[in-house]
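Report on the following structure.
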Amino acid sequence: TPVVTVPELSLVALVGASGSGKSTFAARHFAPYEVVSSDACRGMVSNDEDDQSASADAFGLLGEIVARRLRRGLLTVVDATNVTRDSRAQLVALARAHDVLPVAVVLDVPVSVAAERQAARPGRGIDRRVVQRHHDQLRRSLRGLEREGFRVVHVLHGVDEVDAATVVRER
Ligand code: ATP
Ligand code: MG
């Protein structure tokens, strides 16, 4: 079974298309406050987790929370798609600014799975093309993650590996 090792003090960036199972994975393996979610931040600033026009404020808030947690020495998981290099660069910069290790955990599930799960959820205005775009972006991202500054990169290939994975914290 895949073992996802993370340093005890790290910034863990989940990377995956909408519907790939990031929030589910995060809830299974980390404590509630350890997970900072872009959707939750969108909700807090706009009342609507799906309001894409609130993204700038949401990510501003997310960065603020992550920075304050890292300053306090707390492991923090960023639950956002993180499929673009820009989004990840901000996280790598945050980790570096606080002397913690940036870790990437990629949920590389088939686009069909992500799209189907997404379609089964009520009220999420994310269509198949968006999921496909996320997937394409993720695929293009895979090779460069270490070069972007992630010190540990775990890629979980497919639903089985995502479901079987365990997370181990290392001192
Ligand atoms: P988003 O980026 O839109 O927030 P996400 O990557 O956080 O998506 P989840 O919300 O975790 O995805 O999962 C999407 C849907 O798929 C949910 O309905 C969830 O219950 C289901 N799901 C997630 N992971 C699994 C799994 N391992 N097995 C079966 N169903 C799953
Ligand atoms: Mg989610």
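Throughout, read-outs are computed from the coordinates displayed, never taken from laboratory work. Treat the numbers as computed from the prediction; the structure is a model and nothing was measured. Counting neighbours? That spans all protein chains shown, and the Cβs are built from the backbone with ideal geometry, glycine included.
Tabulated data for the structure shown
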{"quantity": "Taking Glu34, Glu170 and counting other C-beta atoms within 10 Å, the order from fewest to most", "calculated": "Glu170, Glu34"}
{"quantity": "Value of [θ]222 nm, deg cm²/dmol, for the chain, DSSP H segments ≥ 4, -39500 (n - 2.57) each, nearest 500", "calculated": "-13500 deg cm²/dmol"}
{"quantity": "Full-stretch length increase - Arg85, Asp51 - with 0.36 nm per residue and alpha-carbon distance subtracted", "calculated": "10.0 nm"}
{"quantity": "For segment 1-154, size of Cβ-based charge dipole, Lys and Arg +1, Asp and Glu -1, in debye", "calculated": "380 debye"}
{"quantity": "Relative contact order [Cα under 8 Å, 6+ residues apart], the chain, whole percent", "calculated": "39 percent"}
{"quantity": "Charge-dipole axis of the chain as Lys and Arg at +1 and Asp and Glu at -1 on Cβ define it, positive-most pick from Ser46, Val77, Ala31", "calculated": "Val77"}
{"quantity": "Distance from segment 1-36 to segment 53-117 (C-alpha centre basis), Å", "calculated": "10 Å"}
{"quantity": "At R0 = 41 Å, FRET efficiency that the Cβ-Cβ distance of Arg72 and Asp127 yields, to 0.05", "calculated": "0.60"}
